[in-house]
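Structure first, commentary second.
The values are calculated or read from the model by the stated rules, or taken from the named source; none is laboratory data. Being a predicted model, the structure only gives us computed values, none of them experimental. Please note: Cβ atoms are built from the backbone with ideal geometry, for glycine as well, and neighbour counts cover all protein chains shown. Side chains are part of the model used for accessible areas, which takes the heavy atoms of the whole protein and leaves out ligands, DNA and RNA. Shrake-Rupley method; radii C 1.70, N 1.55, O 1.52, S 1.80 Å.
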Amino acid sequence: MAVAMFIIALLLGSILVPLQTQIESRNFENTQRILDQAREALIGFAAANGRFPCPASATSNGAEDFSVAGNAANGICDATVTGASVYHGFLPAATLGVTPVDANGYGLDAWERSPQNRIRYAVSNVTVNAITQPFTRANGMRSAGMSNIANATTLLYVCNSGTGGAAMTAGTNCGTAATLTSNTPAVIWSVGPNAATTGGVSTDEQQNPNPDPTIAGFSADRIFVSRTKSGGTSGEFDDIVTWLSPPALFNRLIAAGQLP
């Protein structure tokens with residue numbers, strides 16, 4: 001009997017481990033699909049409104065959150081989503097009409113744990129061609145001009161590593177790390193499966209604002225990291241990150257009549 005139970009335990013173990021791996025892989029794939037849909041929803045919103053939405057805050061129930069004095073005309077988002085040269089918070093799923101969402105209207109990734117696995121969103125708030133908040137202000141991108149936006153060096157950066165030296169520490173650019181993009185107006189990301197615990201304590205994951213802003217090194221500037229998934233404590237990375245391509249954005253805005 002003991003031998004039989006041992007054999008059964010071995011068989012169950014051999015089945016469960018691959019199954020768990022398959023489920024985890026499926027969650028990563030589905031989360032990438034959700035982020036791609038969110039990116040399309042953001043571009044669609046910009047095409048319809050001539051601006052991007054403000055991020056949702058922790059109290060806005062999944063809707064974009066303007067400051068007390070903010071509105072679509074001036075594009076000033078709430079202080080709770082304001083970082084260094086960037087507005088960052090949650091994807092405003094209620095405003096965009098994307099799914100899946102939790103009971104409070106916040107977009108969720110494929111792990112669907114709330115509030116830890118709410119999808120994050122950041123949009124640049126730097127001044128371009130003397131236009132403040134050009135991306136969240138109605139007609140702000142039209143006023144700033146395509147060429148000025150395309151040539152801006154102060155928008156959001158996505159790097160392949162969180163170790164980029166002094167320039168990255170200062171929130172200036174990727175520094176010595178490889179630059180994946182240097183002029184995207186918006187980044188969308190999932191904190192991944194470790195959102196259930198810390199959201200990530202590695203140097204790379206600290207560059208992407210996560211559920212635990214008390215972690216030493218937590219970054220809320222315009223530098224983000226995207227790279228291949230890896231394990232371990234110091235080198236862990238399971239964030240899924242995507243961003244908007246300016247050419248694709250411009251094409252849609254031109255087609256919608258939001259850009260000349």
- Query: Inside the stretch 60-77, can you point out the residues that are among the hydrophobic types (A, V, I, L, M, F, W, C) and either without any contact (Cβ under 8 Å) to a residue 24 or more places away in the chain or surrounded by fewer than 23 Cβ atoms within 10 Å (Cβ to Cβ) (or both)?
  - Reply: ALA63, PHE66, VAL68, ALA69, ALA72, ALA73, ILE76
- Item | Of all residues in the stretch 230-242 being more than 26 Å from ASN183 (Cβ to Cβ) and not hydroxyl-bearing (Ser, Thr, Tyr), the one that is modelled with the highest pLDDT | ASP238
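If we keep just the residues of the stretch 113-123 that are under 16 Å from the mean Cα position of the chain (by Cα) and over 17 Å from GLU64 (Cβ atoms), which is modelled with the highest pLDDT? Steps first, please.
Kept after step one, since they are under 16 Å from the mean Cα position of the chain (by Cα), are these residues of the stretch 113-123: 115-123.
Those left that are additionally over 17 Å from GLU64 (Cβ atoms): 115-117.
Working: PRO115: 86, GLN116: 87, ASN117: 92.
Within the stretch 113-123, the match that is modelled with the highest pLDDT is ASN117.
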- Note on the structure: Reported set for the stretch 106-151 where residues are in a helix (DSSP H, G or I), open to solvent by 60 Å² or more (accessible area, probe 1.4 Å) and small (Gly, Ala, Ser) is SER143, SER147
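Looking only at the stretch 174-187, how many residues end up being touching a Gly at 6+ places or on another chain (Cβ under 8 Å) and either open to solvent by 50 Å² or more (accessible area, probe 1.4 Å) or within 28 Å of LEU253 (Cα to Cα) (or both)? Spell out the reasoning first.
First, the residues of the stretch 174-187 that are touching a Gly at 6+ places or on another chain (Cβ under 8 Å): 174-177.
Pick out the ones that are also either open to solvent by 50 Å² or more (accessible area, probe 1.4 Å) or within 28 Å of LEU253 (Cα to Cα) (or both) and you get 176.
Qualifying residue count, the stretch 174-187: 1.
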